Amino acid sequence: MIPPFALSLSQLPTRYGAFSLKLETDHSPVIVEKVLDGTVDAGFVYSKPLSPNIASIHVLKDTYSLYGHKCFAGTSLKNLKELTRLPWIYMNWGYHFENWLKAELGSDFFKPLIEVGHSELEMKLIEELEGVGFLPDEMVERSTTGFIPISMETQKTIPAQNVYFIYKKSREQEEDIRELAKKLGEE
């Protein structure tokens, strides 16, 4: 997922001239390691790194809801355990989300149809299999999928997830890092 606050890719050639861009997705600990070893210049992660060598800027708070294919219009779950009767595509949105879901469902009911490790794949499978899944609200709002929110009764609300922009502190004087960090710190 490219964050909405990132520069438009179409602006990069005119702004920076010749450039090379590589976009990667991975889990937060892997992104932190890549920033530390210099494999990537900067990253976006859900878990704020504890390393004293990493600078981080809080950029947004993702909120999540249960969404479904348009064929689920009008669907309401009285109990979240009903989720296991549906074509449920599961993506782990982080420690707090997973703990919330397992507390709501209990481990006996934690049985998705498919478990994936990438948000775009989750959205594609929800569309193709006419399924349901938990997704960031902002991601669905920006998409053209036509997914509909599914109301559900839960004991606790789904925890929001913080998103951080991170970079190696030793690189904070580099113009590109400094400029992006300043821009993200203002939002």
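The values are calculated or read from the model by the stated rules, or taken from the named source; none is laboratory data. Note that the structure is a prediction, hence the values are computed from the model and not measured. Every residue, glycine among them, receives a Cβ derived from its backbone with ideal geometry; neighbour counts consider all protein chains shown.
Right, TYR90: in contact with a Gly (Cβ under 8 Å, 6 or more places away or on another chain) and part of a strand (DSSP E or B) or not?
When the stated conditions are applied, TYR90 passes them.
Results for (1) in a loop (DSSP other than H, G, I, E, B); (2) buried (at least 19 other Cβ atoms within 10 Å of the Cβ), shown as yes or no for each residue.
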| site | (1), (2) |
| --- | --- |
| PRO52 | yes, no |
| HIS58 | no, no |
| LEU66 | no, yes |
| GLY74 | yes, no |
| GLU82 | no, no |
| GLU98 | no, no |
| LYS102 | no, no |
| GLU127 | no, no |
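Check ILE177, ILE148 and return the single one that is in contact with a Lys or Arg (Cβ under 7 Å, 6 or more places away or on another chain) and assigned by TED's automatic domain parsing to the domain that holds LEU50.
Values: ILE148 fails: assigned by TED's automatic domain parsing to the domain that holds LEU50.
Result: ILE177 is the single residue among ILE177, ILE148 that is in contact with a Lys or Arg (Cβ under 7 Å, 6 or more places away or on another chain) and assigned by TED's automatic domain parsing to the domain that holds LEU50.
When you check GLU120 against the structure, is it farther than 21 Å from HIS27 by Cα and either in a loop (DSSP other than H, G, I, E, B) or not aliphatic (A, V, I, L, M) (or both), yes or no?
Answer is no for this residue.
Out of (1) under 23 Å from TYR46 (Cα atoms); (2) in a loop (DSSP other than H, G, I, E, B), what's the single condition that is false for PHE134?
(2)
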